[in-house]
1. Could we say that Arg360 is of a type in the set (Lys, Arg) and modelled with pLDDT of 95 or more here?
2. Among (1) modelled with pLDDT of 95 or more; (2) touching a helix residue (DSSP H, G or I) at 6+ places or on another chain (Cβ under 9 Å); (3) open to solvent by 10 Å² or more (accessible area, probe 1.4 Å), where does Pro33 come up short?
3. Find all pairs meeting these conditions: Cβ atoms under 7 angstrom apart; at least six residues apart or on different chains; first residue within the stretch 69-81 and in contact (Cβ under 8 Å) with a residue 12 or more places away in the chain and surrounded by 16 or more Cβ atoms within 10 Å (Cβ to Cβ); second residue among the charged types (D, E, K, R) and not in a helix (DSSP H, G or I).
4. So which residues in the stretch 216-265 are over 19 Å from Asn347 (Cβ atoms), acidic (Asp, Glu) and touching a strand residue (DSSP E or B) at 6+ places or on another chain (Cβ under 7 Å), if there are any at all?
5. Would you check if there is a residue in the stretch 87-104 being loosely packed, with under 15 Cβ neighbours inside 10 Å, over 17 Å from Leu304 (Cβ atoms), more than 15 Å from ligand 1 (Cβ to nearest atom) and not basic (Lys, Arg)?
6. So, in the stretch 455-473, exactly how many residues are open to solvent by 20 Å² or more (accessible area, probe 1.4 Å) and without any contact (Cβ under 8 Å) to a residue 40 or more places away in the chain?
7. Kindly provide the set of residues from the stretch 287-325 that are open to solvent by 20 Å² or more (accessible area, probe 1.4 Å) and more than 16 Å from ligand 2 (Cβ to nearest atom), ordered by number.
8. Which residues, taken from the stretch 268-285, are open to solvent by 80 Å² or more (accessible area, probe 1.4 Å), part of a helix (DSSP H, G or I) and more than 22 Å from Glu46 (Cα to Cα)?
Amino acid sequence: MAISFESLDSDIAGRCGKLKVGKKTIKTPALLPVINPHLQLVTPKEMQSMGVEALITNAYIFSQSGQYRKKALAEGLHRLLDFDGVIMTDSGSFQLSVYGEVSITNTETLTFQRDIESDIWVPLDIPTSPDSDRKTAERELAVTMQRLAEAKEVFGSDAPLAGPVQGGSFIDLRERAGRDVTDLGFSFCPIGAVVPLMESYRYQDLVRVVLAAKQALSPSACVHLFGAGHPSMLALAVAMGCDLFDSAAYALYAKEGRYLTTHGSFKIDELADLPCACTVCRTHTTEELRTAPDRERLLALHNLYVTLAEISRIRQAVFDGTLWELVDERCRSHPQLLSGYRELLKNTASLEKYDRVSKRRFFYRGDESCYRTEVFRYQQMLPRLLLGSRVLVTFGGGIREEFDDTLFFKPPFGPYPKELRETFPIGPCEIPEWDDAMVRKGCEGIKLLIESHKDCQFIVSCNPRWEKIVREVLGDIEVQQ
Ligand code: GUN
Ligand code: ZN
């Protein structure tokens, strides 16, 4: 297999892993900066010195360029761009989505990508607009799938081919596309046509289509999110199981005088100071950055540094098992991101299957934390507890001998036996002063326990402050002070 992926650490559906492309290996999650040969604000060589292991460029631009076509065919991309890492090429599908047509066929672009020695080739998929109707989405998906099949037929199962997942805004089409791409044997799967969603901040829709595609793909597939690269949304995307990103944002934003941060972008004229640790920001004042003759390049450098640092932070969070905390933090920077985050939390049951067993800690960060995978998984385990016939669930007290079993209570998880006091998630879970949402969620745990232990009698002992919630969730259970 020319392309293979190995996951080393995971958190939620996110992973840190190794992507092998031919003889080269890169660490994931990874950002592939977009290189435009006509406009290189930062050179591939400089990017490599910043830790970039892979980049993406558009084969269509090379194939249509009087200046570059011959050179690319004669020298190969690596020499032309002076970059010996992984180079992925896109086909021209982006032009297709913007201009409606391209003067190249599927096999022509793939032959060209092979001949310029690209490491990862993308067929001519059709990026269906998210606002297309079902008929259009189905028709375009059929063409995409036929081109993917053609790519495998013509270039063989060992060719380093990407298999884009399309299907527009239709969940079942995204699922079908994910299954079909997997059945065709693709192990490198970009999720396509999501740029318009991100450009208009439709993160809820983004989460829906990405999760649909992801769940239909093989867990061993490397998942690329086409055109994503704003640092504020990368943690969310990794949590959904995306491994690679490509983005021209660093350069496009720089051209418009925009400064990226992990919690949004700013017009450089709006900034009173430069809240960043990168070398550009530490060696320039705002005024100097604004008026520098090479301001576009400096902004591009900063934008790239910020995005790469966010990728590193995400890798560390996956390693530690603190990705939910990072997603929570990032998604509070924009109301539409918060909508995307809440959509993700609605899918806890399916995300739980990917999530790891133990983590370094669980920090409660508000109501949203009640819907995390760890809470769901813990409560799913409650029916398996072996209990005597009279059971006390105590919110604050100690063991009482007149009961066969005493369980303690830790919101938002619920009841737990003393043996689990130190283990994950009960032990390493840090919560602030109890609030209604976490106590209610914990009571749902008691409810699951009661429903699965029909022969036991349960009594809850709690402070009067919580009695109303206990009764709302558990009905006419016996409550003691
Ligand atoms: N770049 C951004 N979105 C897409 C897509 O859907 N397909 C391809 N090939 N490139 C893209
Ligand atoms: Zn900076």
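1. No.
2. So Pro33 meets the others, but not (3).
3. If the second residue must be among the charged types (D, E, K, R) and not in a helix (DSSP H, G or I), the pairs left are Leu77/Glu117; His78/Asp84; His78/Glu117.
4. If the condition is that a residue be over 19 Å from Asn347 (Cβ atoms), acidic (Asp, Glu) and touching a strand residue (DSSP E or B) at 6+ places or on another chain (Cβ under 7 Å), then Asp246 is the only one that fits.
5. Yes, the stretch 87-104 has at least one match.
6. Count: 7.
7. Those that are open to solvent by 20 Å² or more (accessible area, probe 1.4 Å) and more than 16 Å from ligand 2 (Cβ to nearest atom): Thr291, Pro293, Arg315, Gln316, Phe319, Asp320.
8. The answer is Asp269, Glu270.
The values are calculated or read from the model by the stated rules, or taken from the named source; none is laboratory data. The shown structure was predicted, so the numbers you read here are calculated from the model rather than taken from an experiment. Cβ: placed from backbone, ideal geometry, glycine included. Neighbour counts: every protein chain shown. For the accessible areas, the whole protein counts, side chains as well, though only heavy atoms, and no ligand, DNA or RNA atoms are used. Shrake-Rupley method; radii C 1.70, N 1.55, O 1.52, S 1.80 Å.
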